[in-house]
Structures are given as C-alpha cells and as structure tokens.
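My structure is below; once you've seen it, I'll send some questions.
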Amino acid sequence: MAKVKTTFFCQNCGAQYSKWQGQCTACKEWNTIAEEVIQKAEKSDWKTPTSASKRVSKPLLINEIDASQEARMATNDQEFNRVLGGGIVPGSLILLGGEPGIGKSTLLLQIALKLPYKTLYVSGEESQKQIKMRAERINPSSSNCYILTETKTQNIFKQIEALEPDIIVIDSIQTLHSDYIESSSGSISQIKECTTELIKFAKETSTPVILIGHITKDGNIAGPKILEHMVDTVLQFEGDRNHVFRILRANKNRFGSTNELGIYEMQGSGLREVSNPSEILISKKDDELSGNAVAATLEGMRPLMIEVQALVSTAVYGTPQRSATGFNAKRLNMLLAVLEKRAGFRLGAKDVFLNITGGITVDDPAIDLAVVAAILSSNEDVALQKDFCFAAEVGLSGEIRPVQRVEQRILEAEKLGFSTIFVSKYNKISLKKTVIKIQLISKIEDLVGFVV
Ligand code: TYD
Ligand code: MG
C-alpha cells in the first residue's frame, strides 16, 4: 500500500511545514498548525491538462496582443459594476469575502438572477428548494439562472461541461471538495486544490468564476490568506449585522481600482442599491440636539456625509469611561487630550461616548473635526447649528490639518443643503462661487468660538 502523504499547514496563513510545531513562524499565531493528508489520486480532471500543458506559449509584442475579447460583462447591479471597475472580466476569478450572515449569498444570487448571461449558481450550503425560496423573495422572474447543489469539484465540472454556462458562482469555496486530496472540506489543502482547479478552468475557457469565502472573526478570509494571492479580485462585503447598510469594497483588483465602493441596504426583499448614501445617513431632525455634528468624509472615492454623536457626562465611577463605536478609541483619547491641553476643556473627569450613526466604521481622518465639535457641543450642552458640517484632521498641537479632495467634500455638502463647512485654512481650494460658506480655521480654538 502506498504510503499516505501528509503535510502540516497553518490554518491561519496557509504556510506549509514538514512537521508539527507550536507556533507558525510565518504569521506568529499559536496552535494553528494542523496535519492534512495530501495524497493525490490519478489525475484526470474535467479536461486532461496534457493537451494544455503541451501547448507552449510564445512571447508576443505587446502591441500585437488582442485585448478586445476582454470586454467586460456588465451586471444589472450598478454598485457591483462600479466596485469591479465596470463589470466582470471574462476568465477572471473573483472572491467575495464576508462574515457569516452578512448577505453574501443574497448579493450574488440577486446578481445571478438578473444577469443577462447563462449563469450557474453552485451551492454547497443550501438545497435547491431553499435557494428557490430565497430567489422568490428577491426576484421571482429569471430564466437564465441554473442552480446546482454539489460540493465535489469533479461533479461540478461535469455539469459545467454539459451546461456550458457564461458565469459561475460558487457558494462557498469552503464547502468544496476535490477527490485528488484526502483532507476534509475547508482545510487549507482542499481550498488550495479546488481554487487551483477553478482557476485553470476559468483561464482556459474564459468563463468568470465568483467564489464566496467566509471570513474569520479577525477579518481573514477563513484560514487561507493564500486564496487572496491566487484570485484576480478580492471583494469584501462588510457592515454591521444589526444595521441595514452593507458596504462592498475591493481589497485587490487586477482589472480596476480599489478605491471604489458599493453601498447596499438590506431589505425584506434582498439588497437594494443605495446611490445617494449621504441623504440616508443623516437624520433630518427639526429639533437641534446637542452632541451631534456632521462630517464630510470620503469612503474610497465617494463623498459621504456622516453624523457623529457624542455624549459627555460627569463620571459616575472613579475612572471615567471612554467608548467609541465606529471610530478608533485611541484616536478619541488623543482628541480628548488635545481638547484638554490646547483648548482648556477639563474632560479628564468626564465619561465620553462617541457613536457614528448608521453602523458604519470610519477611517477617514477628516472626521476628526466633527468628532471634536460633537464633544464640545455635548460638553457645553449647546446644539450646533444643524446646517454646519466639518471636514478636517486635528493634529496633536491642536492645529487643523488639510484633508485630501476637499473640493469634492464641499460640493457634496453644498448639494445636500448645508450652509457652512469648516475646513482647514491650509487646504488649497480653487472653487469659485459656492453657495455654501467655506469657513477656514487653523487652530482648535477657532472652532470653539463658532460652536459654543
Ligand atoms: P445570507 O445571504 O444568507 O448571508 P451569508 O451568505 O453572507 O451568510 O443573508 C443572511 C441575512 O440576510 C439573513 O440573516 C436574513 C437577511 N435577509 C434579508 O434581510 N432579506 C432578504 O431578502 C434576504 C434574502 C436575507
Ligand atoms: Mg451564505
């Protein structure tokens, strides 16, 4: 009997070892290395690769290469097209990652149902009936979408050969299983093998394949970081499960920029594209409330007006509490220290709570000024004028720093009817004749005069 061949893989980063060890030397994680059987059976997959591997490719002058067949396949989903850079590139492998329950299956089924191409949706997680039930909630009329429930890649390729679809969706890569590898589904070697088979298929037939991949708690695409290197495009679907907004972004894109962003709203009947997110994120209240401020931020290339809420109150316990939702807690502490030192507000003995509404997490430093304004407003219990908005970074010495693409932010604020936007004096603005008042400030003390 042939000897069983095994290797050890780190389940976190996919590094390979010849024997077990406690810590992965590549990603420094402990107890992530597990043994996997990688003994291979005789290979005879969907098309024996002999014909393909004998074909020797020749160097071509770059001007002679015909790129016309690379025309993109546009979907009916404008947000999805935008994030991909215009549509699906034939022969590309797209990986859609996201936490369980965020809506990955819903998004791809919804897109598959509306595609003007023959689509095969392969599910290893749900039965055909369950998918049909979901499809009926979303969009009952579709004639081009086939559903297959199968987890063995060899069987999937057999069905693909018979059906010849234009686009394939795999839900999810962690459920796939190839006969050539003995380890269980979801293990590193299985995922690697199944993806390799799919890549080979995609490249040889120019059929795009979209894979769904689950994400672990720390944000990695479960286990195999290696998947990210293998595919052409890595999309991430994120958001807070308790909120309705979902953000689709590209972490890697061989055929487009990674700056674009798609925004969806989860509804009873699937995901709805949100084309003007700012209007939804800002609550239109008649009463002026203290502790609220609006920031003109950028998510990728899109301007997004976001509401910041702060609550400052006298600490009940000895150690004041500081908590931030949707904003970096360390940055909040830094801004509080700046307010204390540079503007003389005694916040050291106060509880400070900060919340970005809509369940969104913001990294854009331009939100700093709105955070400071919201804290000041709550501390003094004075409401800000509700048609004020802010776009600037705050430095350690209390200086108001310029932010990128300030003009785009100003125009978005103007479009939404804000009367005044506060920006840094050091931003170069060449806009002429704006309806919105552009208030230039250079120090945090300047802001204090306006808001309290
Ligand atoms: P799902 O696509 O199954 O998530 P994933 O594939 O990422 O694990 O979506 C799960 C959630 O979406 C589920 O909790 C219910 C919600 N949902 C809606 O709110 N409306 C809908 O029309 C559908 C289909 C799902
Ligand atoms: Mg799913």
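Listing Leu109, Leu95 from the residue with the fewest other Cβ atoms within 10 Å to the one with the most, what is the order? Provide the component values of the computation, followed by the final result.
Details: Leu109 28, Leu95 24.
Going from sparsest to densest Cβ surroundings: Leu95, Leu109.
Express in nm, to one decimal, how much length is gained between Glu35 and Glu273 on full extension, taking 0.36 nm for each residue of separation and deducting their alpha carbon distance.
On the way: separation 238, 0.36 × 238 = 85.68 nm, distance 4.37 nm.
Stretched fully, the Glu35-Glu273 segment lengthens by 81.3 nm.
While we're on this one: Quick one: which residues, 5+ away or cross-chain, put their amide H under 5 Å from the amide H of Thr207? H built at 1.01 Å from N.
Result for Thr207 returns Gly91.
Using packing as a proxy for protection, rank 311-324, 439-452 so that the peptide with the highest average count of other Cβ atoms within 10 Å comes first.
Listed from highest to lowest mean packing, they are 439-452, 311-324.
Just to check I understand the Karplus step: with θ = phi - 60° and J = 6.51 cos²θ - 1.76 cosθ + 1.60, what whole-Hz values come out for region 342-353, glycine and proline as x?
8, 10, x, 8, 8, 9, x, 9, 10, 7, 10, 10
Taking a ≥ b ≥ c as the square roots of the Cα gyration tensor eigenvalues, with a/c under 1.5 meaning rounded and otherwise prolate when a/b beats b/c, else oblate, which class fits region 73-275?
Details: a/c = 1.34, a/b = 1.19, b/c = 1.13.
In terms of gyration-tensor shape, rounded.
Something else about it: Restricting to DSSP H runs of at least four residues, report the calculated mean residue ellipticity at 222 nm for the chain, -39500 (n - 2.57) per run over all residues, nearest 500 deg cm²/dmol. Kindly include the intermediate steps, with their values, before the conclusion.
Numbers: 12 runs with 120 residues, N = 452.
Value at 222 nm, helices only, nearest 500: -8000 deg cm²/dmol.
Let me ask something else about it. Compute the normalised compactness of the chain: alpha-carbon radius of gyration over 2.2 N^0.38 Å, N being the residue count.
Working: Rg = 26.2 Å, N = 452, 2.2 N^0.38 = 22.5 Å.
Expressed relative to 2.2 N^0.38 Å, the Cα Rg reads 1.17.
With charges set only on the Cβ (+1 for Lys and Arg, -1 for Asp and Glu), what does the dipole of region 73-275 come to about its Cα centre, in debye to the nearest 20?
On the way: 21 positive and 24 negative charges, 49 e Å.
Computed charge dipole of region 73-275: roughly 240 debye.
Another one. With labels modelled as points extended 7 Å from the Cα through the Cβ direction, what inter-label distance (nm, one decimal) is found for Gln78 paired with Val435?
Result for the modelled spin labels: 2.1 nm.
What is the calculated FRET efficiency for Asn333 to Asn251, with r their C-beta to C-beta distance and R₀ = 35 Å, to the nearest 0.05?
Numbers: r = 29 Å, r/R0 = 0.82.
Plugging the Cβ-Cβ distance into 1/(1 + (r/R0)^6) gives 0.75.
Along region 166-179, what does the Karplus equation 6.51 cos²θ - 1.76 cosθ + 1.60 (θ = phi - 60°) give for ³J(HN,Hα), rounded to whole Hz, x for Gly and Pro?
So the J values, rounded to whole Hz, are 8, 9, 10, 10, 10, 10, 10, 4, 5, 9, 6, 8, 10, 5.
Can you list the residues, at least 5 places off or on another chain, whose amide H is less than 5 Å from the amide H of Ile360, using H built in the peptide plane?
HN-HN under 5 Å from Ile360: empty list.
Right, something else. Using each residue's phi in region 441-447, evaluate 6.51 cos²θ - 1.76 cosθ + 1.60 at θ = phi - 60° and report the 3J(HN,Hα) Karplus result to the nearest Hz, with x for Gly and Pro.
These are the phi-based 3J(HN,Hα) values: 10, 10, 10, 5, 4, 4, 5 Hz.
Next up: How high is the relative contact order of region 73-275, given as a whole-number percent (alpha carbon pairs under 8 Å, six or more residues apart)? Before the final figure, lay out the partial values.
Working: 431 pairs, mean separation 59.9, N = 203.
Normalised by residue count, the contact order of region 73-275 is 30 percent.
Oh, and also: Could you name the aspartates and glutamates whose alpha carbon sits less than 17 Å from that of Lys192, not counting residues in the same chain fewer than 8 places away?
In chain and number order, the partners are Glu35, Glu36, Asp45, Asp171, Asp179, Glu182, Glu228, Asp232.
Right, here's the next one. Given an 8 Å cut-off on Cα distances and at least 6 residues of separation, report the relative contact order of region 295-400 as a percent. Walk me through the intermediate numbers first.
Working: 170 pairs, mean separation 38.1, N = 106.
Averaging sequence separation for qualifying contacts and normalising by length gives 36 percent for region 295-400.
Something else now. Of all trypsin sites (Lys or Arg not before Pro) in region 95-179, which ones are in loop regions per DSSP and have a Cβ with at most 15 other Cβ atoms within 10 Å?
On the way: sites: Lys104, Lys114, Lys118, Lys129, Lys132, Arg134, Arg137, Lys152, Lys158; in loops: Lys118.
Here the sparse-neighbourhood loop sites are Lys118.
For the chain, what relative contact order do you get, as a whole percent, if you take Cα pairs closer than 8 Å and at least 6 residues apart? The partial results should precede the final answer.
Working: 957 pairs, mean separation 56.1, N = 452.
Relative contact order for the chain comes out at 12 percent.
Values in this text are rule-based calculations from the coordinates and carry no lab data. Computed from a predicted model, the values in this text were never measured in an experiment. FYI the Cβ positions are ideal-geometry reconstructions off the backbone, even for glycines, and counts take in every protein chain you see.
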